[in-house]
Amino acid sequence: MKKGKMQYRSRIRILYDIIENIHYLREEEGRAPPTRVMFFANLSYERFTEYLEELKNRDIVSEDEYGLYLTQKGMKFRDELKKTLMSLRAFGFEL
């Protein structure tokens, strides 16, 4: 029996998954607790905190009493990254 080849996510894809999950949770549930975002992004605590710190340092993500949220810069970054990923998919590429 053949096992499927494990697909690794690129750094950009992981950042996009975190950003997209923050956006989704805030829109759907009104809050985005870090542990929920970590769970939905399928990351270990160590990797999640590393990526989250980078996003915070770049002023893409911030935190309030309702958990994580995308800053104005973060929303623009999300929109641009989403367009880029869709364009890549249209040509048969995956990140």
Practice problem: Tell me the label-point distance for the pair PHE40, ARG58, using the 7 Å Cα-to-Cβ offset, in nm and rounded to one decimal. | Solution: 2.0
Self-check item: Neighbour-limited loop hits for GluC sites (Glu not before Pro), the range 12-95 (at most 15 other Cβ within 10 Å; DSSP other than H, G, I, E, B)
Solution: GLU65, GLU94
Quiz item: What are the extents of the Cα atoms of the chain along their three principal axes, listed from largest to smallest and rounded to whole Å?
Solution: 49, 30, 26
Exercise. Add +1 for every Lys or Arg and -1 for every Asp or Glu among the other residues with Cβ under 14 Å from the Cβ of TYR45, and state the total.
Key: -1
Self-check item: 12 Å beta-carbon shell around ARG26, net charge (K/R +1, D/E -1)
Solution: -3
Exercise. May I have the count of lysine pairs in the chain with C-alpha atoms under 28 Å apart, counting pairs 8 or more residues apart or located on different chains?
Key: 8
Quiz item: Could you give the dipole magnitude of the chain about its Cα centre, charging the beta-carbon of Lys and Arg +1 and that of Asp and Glu -1, in debye to the nearest 20?
Solution: 660
Self-check item: Distance between modelled label sites at LYS73 and GLU50, nm, 7 Å Cα→Cβ extension
Solution: 2.2
Quiz item: For the range 1-81, which chymotrypsin sites (Phe, Trp or Tyr not before Pro) are in a loop by DSSP, counting at most 16 other Cβ atoms within 10 Å?
Solution: TYR8, TYR66
Quiz item: So what's the net charge close to ARG36: Lys and Arg +1, Asp and Glu -1, counting the other residues with Cβ under 14 Å from its Cβ?
Solution: -4
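Since every read-out is calculated from the coordinates, none of them should be taken as a lab result. Since the model is a prediction, treat every value here as computed from it, not as a measurement. Virtual Cβ from ideal backbone geometry, glycine too; neighbours counted across all protein chains shown.
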